[in-house]
1. Against the condition more than 16 Å from the ligand (Cβ to nearest atom), in a helix (DSSP H, G or I), buried (at least 17 other Cβ atoms within 10 Å of the Cβ) and in contact (Cβ under 8 Å) with a residue 12 or more places away in the chain, how does R214 come out, does it pass?
2. Among the residues of the range 168-189, count how many are within 14 Å of the ligand (Cβ to nearest atom) and assigned to a helix (DSSP H, G or I).
3. Would you check which residues across the range 463-481 are outside any loop (DSSP other than H, G, I, E, B) and either β-branched (V, I, T) or surrounded by fewer than 20 Cβ atoms within 10 Å (Cβ to Cβ) (or both) and list them?
4. Go through the range 379-409 and count every residue that is closer than 23 Å to R462 by Cα, away from the ligand (no atom under 16 Å from the Cβ) and in contact with a strand residue (DSSP E or B) (Cβ under 9 Å, 6 or more places away or on another chain).
5. Could you grab me the full set of residues in the range 363-398 that are closer than 19 Å to G321 by Cβ and touching a Lys or Arg at 6+ places or on another chain (Cβ under 8 Å)?
6. Specify the residue that is nearest to D495 (Cα to Cα); the eligible residues are those in the range 432-460 that are within 16 Å of the ligand (Cβ to nearest atom) and surrounded by 19 or more Cβ atoms within 10 Å (Cβ to Cβ).
7. Does the range 376-395 hold any residues that are surrounded by 17 or more Cβ atoms within 10 Å (Cβ to Cβ) and of a type in the set (D, E), and which are they?
8. Return yes or no: is D223 more than 16 Å from the ligand (Cβ to nearest atom) and assigned to a helix (DSSP H, G or I)?
Amino acid sequence: MSEPSTTRRQVLLAGTAALGAVAVSGWGTASASPVRDPFTLGVASGDPWPDGVVLWTRLAPDPLAPDGLGGMPRRVVPVEWQIAADERFRHVVRAGVEFARPESAHSVHAEVSGLRPGAEYFYRFRVGNQLSPVGRTKTAPRPGARLDRFAFAFASCQNYPEGFYTAHRHLADEDLDLVAFLGDYIYEGSAQGSIGRGHSPAAETFTLADYRVRLAQYKSDADLRAAHAAFPWAVVFDDHEVENNWAGDHSQPDTEPDQDPVVFRQRRAQAFQAYYEHMPLRRAQRPSGPDIRIHRRLTFGDLADFHLLDTRQYRDVQVAGDARLDPSRTILGAPQKEWLLRNLAGRTARWNVLAQQVFFSQRDFTAGDADSFSDDAWDDYYVERNLVRDHLARASNPVVITGDVHASYVADVKADFEDPASATVATELVGTSITSGGDGTDQNSGDAVQLRENPHIKFINRKRGYVRNVLTRDSWTADFRIVDYVSRPGAPITDRARFVIEAGRAGAQQA
Ligand SMILES: [Fe+2]
């Protein structure tokens, strides 16, 4: 494999610099202005389809303003956008105007269509004479069209007070078609940490204003903005976008007013609204009160189908012990489960990717004959997990990608997790956190127990980073890219391990 290219970022930087000096496509020159920069949160694109993407920005000259309005006046502001075939915008192919509204925190979601499949584009926004940074994006190849290579990274868990986003800086330098973010984009708590990145607001988030400020604070990080500007993202949330370990209409057990499900649904509605406002999501993902449709599918030629799941909104509450075996328990909810099983049966792409949040494979934490499992993972929804596994087994080259646990794992998904000799029917790749957990370590003492008790688990590492994946017709190569520290900036990125899945043979082999 070639070394990651810095070409993309150099192009972006050159494009941005050029805006300062060169007259461009009728938008004049970017000049110094007495007005404060409204584009402090950067730009993003997401959910690439063959004919287009969604372009995102939010106007916020004062992103941490406690009222959550980002320093914007309470009026509608027109925002122009352009998308071009070249980074200097000599060949603008689509342009339009969106209206940034105070009730949406002046966020902009421009769904662009009419683009060419599998093509690279550059985009930017303008308000008055203020130009945004330039973003780069890429449409998906047509479903079914022959595609020989697809490169994407997945990442999760970027607790702001626990580290610098060095991994995002390196992610922005990769050469990728997509970034999948698998949840914990923000954390809801009040933590201040010890590295000068204390949470704003300095209390747990409950209101719409709180969640807006928190999301804006995370987006104020230049490394995160660079990773968004470099590639289209496909995002799903996990628990911390609302509250730790929430399940359906239920808060985690605590002493807060949201123990009442009516109150919790109000909190969830505020969290979802702010989440949507800050993510490059299409209108179909716009929340309606406490409900949001986040599960969806993205297809890349004949090579990959991404089934993006929601393992929070429809799940039953967590239970202890053998109650997890109750066959009526669900983590997906019936409609999403039917949707997923139907999709798995009907898809023809070479690789079927379950892009989701929590650990899918069995994971026994207790040495010896006794066992114990996470009550927040698929193990707590035992029968439904095994049902999904059995359908995965019949799909073409199934790979589950996972976040949540702040560690890298590779696991064989077994036809029977109790029988190591049973067939391997799918592969699970678990990505570590961007920062959550701080600097991290290679392995801890509990990992030796996990590896012994779960022979289908082949790799564990607890350093921070992300997973870079290159899919071809014959193989899936996963590089577990890590940084040695996040407690200060500047760590280089290194490959901790490479695993390869051969098409037609489930299970990853260390290369
Ligand atoms: Fe997390």
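1. On the way: more than 16 Å from the ligand (Cβ to nearest atom): no; in a helix (DSSP H, G or I): yes; buried (at least 17 other Cβ atoms within 10 Å of the Cβ): yes; in contact (Cβ under 8 Å) with a residue 12 or more places away in the chain: yes.
No, not satisfied.
2. The number of residues fulfilling the criteria is 0.
3. Once the filter is applied, which keeps residues that are outside any loop (DSSP other than H, G, I, E, B) and either β-branched (V, I, T) or surrounded by fewer than 20 Cβ atoms within 10 Å (Cβ to Cβ) (or both), the range 463-481 yields V467, V470, T472, S475, T477.
4. 2
5. A367, F373, S374, D375, A377, W378, D379, D380, Y381, Y382, V383, E384
6. Let us first name the residues in the range 432-460 that are within 16 Å of the ligand (Cβ to nearest atom), namely 432-440.
Filter once more, keeping what is surrounded by 19 or more Cβ atoms within 10 Å (Cβ to Cβ): 432-438, 440.
Details: T432: 13, S433: 15, I434: 15, T435: 17, S436: 19, G437: 20, G438: 19, G440: 16 Å.
Checked the range 432-460; the qualifying residue nearest to D495 (Cα to Cα) is T432.
7. Residues satisfying the conditions are D376, D379, D380, E384.
8. yes
A short reminder: the numbers here are calculations on the coordinates, not readings from a lab. What you are looking at is a predicted structure, and each value in this text was computed from that prediction instead of being measured. Heads up, the Cβs are rebuilt from the backbone with ideal geometry, glycines too, and the neighbour counts pull from every protein chain shown.
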